[in-house]
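Where a number appears in this text, it was derived from the coordinates with a stated rule and is not lab data. Not measured: the values here are computed from a predicted model. Heads up, the Cβs are rebuilt from the backbone with ideal geometry, glycines too, and the neighbour counts pull from every protein chain shown.
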Amino acid sequence: MKKILFFILLIPAISTFAQDFHYGVKIGGNYSFFDLSGNVKKDIAYDLTGKFNIEAGIMAEYSINKKIGLSVEINYDNLGDRFYKTADQTSFETKYNLTYIEVPLIFKYYIIPNLSINVGGQAGSLLSAENKFKLTIEDVDSSDSSDAKSDYESLDYGLNLGVGFKLKNGMLIDIRFYQGLKNINKLNDAVEMKNSALKLGIGYYFK
């Protein structure tokens with residue numbers, strides 16, 4: 001009898017939690033680049049142009065109150081950079097493609113009911129890394145690629161700062177900037193290399 005009474009009393013709390021808990025999916029893109037230390041950028045003979053990538057994931061948000069929410073995501077993300085150099089009729093391009101599973105934890109402060117300022121941290125596990133090379137001489141292209149996972153640290157972590165706009169129909173628009181805090185470069189101890197990315201995501205909350 002006591003157990004039955006306990007579960008009856010627990011129902012309102014479970015119901016309240018369910019009303020404040022939302023989950024959904026998101027897809028988007030980012031513009032990523034390496035944040036290099038010191039005067040390394042000046043010393044490199046190539047132009048660092050960054051590159052565009054696709055990302056996707058799942059998300060869940062718990063509304064602590066009307067102003068504050070806590071969101072956690074699991075995302076499949078692509079980061080990296082693009083180096084490019086042109087001289088006369090010759091050009092050389094290198095794309096550094098890093099693929100991660102990322103878990104951001106985001107605190108949301110709602111300025112108005114649908115608009116939030118988002119800040120938090122994230123950790124990412126490196127799934128793969130590939131360097132793609134392309135050489136063009138007088139309009140003749142040649143290309144190659146190599147597995148570069150051993151060149152980078154397996155763990156990345158950093159901070160996110162952005163804004164989110166959530167519609168009443170469950171749609172979400174999220175803009176954030178990610179700045180890595182960990183040096184992911186394993187090839188050269190004298191050069192710090194950190195991930196950076198400007199991200200745009202569109203999501204949908206099922207409830």
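Rounded to the nearest 0.05, what FRET efficiency do Y23 and E192 have when you use their Cβ-Cβ distance and R0 = 41 Å?
With R0 = 41 Å, the Cβ-Cβ based efficiency is 0.65.
How much length is gained on full extension from A56 to K168, taking 0.36 nm per residue of separation minus their Cα-Cα distance?
Using 0.36 nm per residue and subtracting the Cα-Cα distance, I get 38.1 nm.
Please give the length that would be gained between L159 and K132 if that part of the chain were fully extended, namely 0.36 nm times their separation in residues minus their C-alpha to C-alpha distance (nm, one decimal).
6.9 nm
Based on other C-beta atoms within 10 Å, arrange L36, L127 from fewest to most.
Result, fewest neighbours first: L127, L36.
With each pseudo-label sitting 7 Å past Cα toward Cβ, what's the I117-S143 distance in nm, one decimal?
Each label point is offset 7 Å from its Cα along the Cβ direction, giving 4.4 nm.
For the pair S91 and Y109, how long in nm is the line joining their label points, each one 7 Å along Cα→Cβ?
4.5
How would T86, T94, T99 line up from fewest to most surrounding beta-carbon atoms within 10 angstrom?
T86, T94, T99
Find the centroid of the Cα atoms in the range 139-207 and in the range 56-106, then give the distance between the two in whole Å.
3
Can you pull out the GluC sites (Glu not before Pro) in the range 92-164 that DSSP calls coil and that have at most 16 other Cβ atoms within 10 Å?
E138, E153
Order by neighbour count: I112, I173, fewest other Cβ atoms within 10 Å first, most last.
I112, I173
Once you have the Cα-Cα distance between F206 and S37, take 0.36 nm times their residue separation minus that, and quote the gain in nm to one decimal.
Net length gain for the segment: 56.6 nm.
Considering only Cα-Cα distances, which of the following residue pairs are longer than 30 Å: K95/K166; K66/K199; K26/K149; K149/K199?
Checking Cα-Cα distances, K95/K166 exceed 30 Å.
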